[in-house]
Amino acid sequence: MKVAFFGGSFDPPHMGHKKIINYCMKLFDEILIIPNKESPDKHKKNLASTNDRLNMLNLMFPSKLIQIEDIEIKSDLPSYTYNTFKTLENKYLNDEIFMILGKDQIMNIHNWYKYDYLLNKLNIICFD
């Protein structure tokens, strides 16, 4: 199975997110949208509450193919992609895992926590 995850603050989710997910629905068996509790590389406070962001995402993506995951919101660990990927890697043992990114994040990936591990382990699909 091919599983993709798309993380971010989604504050708020917007049409750019929807276009990316709609495109990816043709490519993957399952898509996980994972809003973070607090972005480690952004120093602004979220405008919407976590519950509001989860509700907006559920309204925007009502497909059974898409799962809105609260693993980062519920976690006591920092919202590092590395921590999220380790959780997904244990859950999807025999599946191929992809990370969906925007160009802004791929240009900044060298600043991420354990980015070298992610680059070696993950399949990345990037959108401009």
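The values are calculated or read from the model by the stated rules, or taken from the named source; none is laboratory data. From a predicted model like this one, the values you see are computed outputs, not experimental measurements. Positions of Cβ are backbone-derived with ideal geometry, glycine not excepted, and every protein chain shown enters the neighbour counts. Protein only, heavy atoms only, side chains kept; ligands, DNA and RNA dropped before computing areas. Shrake-Rupley method; radii C 1.70, N 1.55, O 1.52, S 1.80 Å.
Scanning region 117-128 for residues that are part of a loop (DSSP other than H, G, I, E, B) and closer than 18 Å to Glu89 by Cα gives a single hit, Leu122. Only residues that are touching a Pro at 6+ places or on another chain (Cβ under 8 Å) and surrounded by fewer than 17 Cβ atoms within 10 Å (Cβ to Cβ) were counted in region 71-90, giving 2.
Once region 81-105 is narrowed to residues that are under 13 Å from the mean Cα position of the chain (by Cα) and among the hydrophobic types (A, V, I, L, M, F, W, C), the residue that is farthest from Ser39 (Cα to Cα) is Ile97. Residues of region 48-70 that are open to solvent by 50 Å² or more (accessible area, probe 1.4 Å), within 14 Å of Asn36 (Cβ to Cβ) and in contact with a strand residue (DSSP E or B) (Cβ under 6 Å, 6 or more places away or on another chain): none at all. Does Ser75 qualify as being modelled with pLDDT under 95, over 12 Å from Ser9 (Cβ atoms) and among the polar types (S, T, N, Q)? Criteria met by Ser75. If you go through region 91-128 and pick out every residue that is hydroxyl-bearing (Ser, Thr, Tyr) and open to solvent by less than 80 Å² (accessible area, probe 1.4 Å), you end up with 2. Quick one: would you say Asp95 is of a type in the set (Asp, Glu) and within 13 Å of Gly8 (Cβ to Cβ)? Spelling it out, it is not the case that Asp95 is of a type in the set (Asp, Glu) and within 13 Å of Gly8 (Cβ to Cβ). Condition check: within 12 Å of Ala4 (Cα to Cα), buried (at least 18 other Cβ atoms within 10 Å of the Cβ), under 13 Å from the mean Cα position of the chain (by Cα) and at pLDDT 95 or above. Does Ile33 satisfy that? Here the answer is yes, as Ile33 does meet what is asked.
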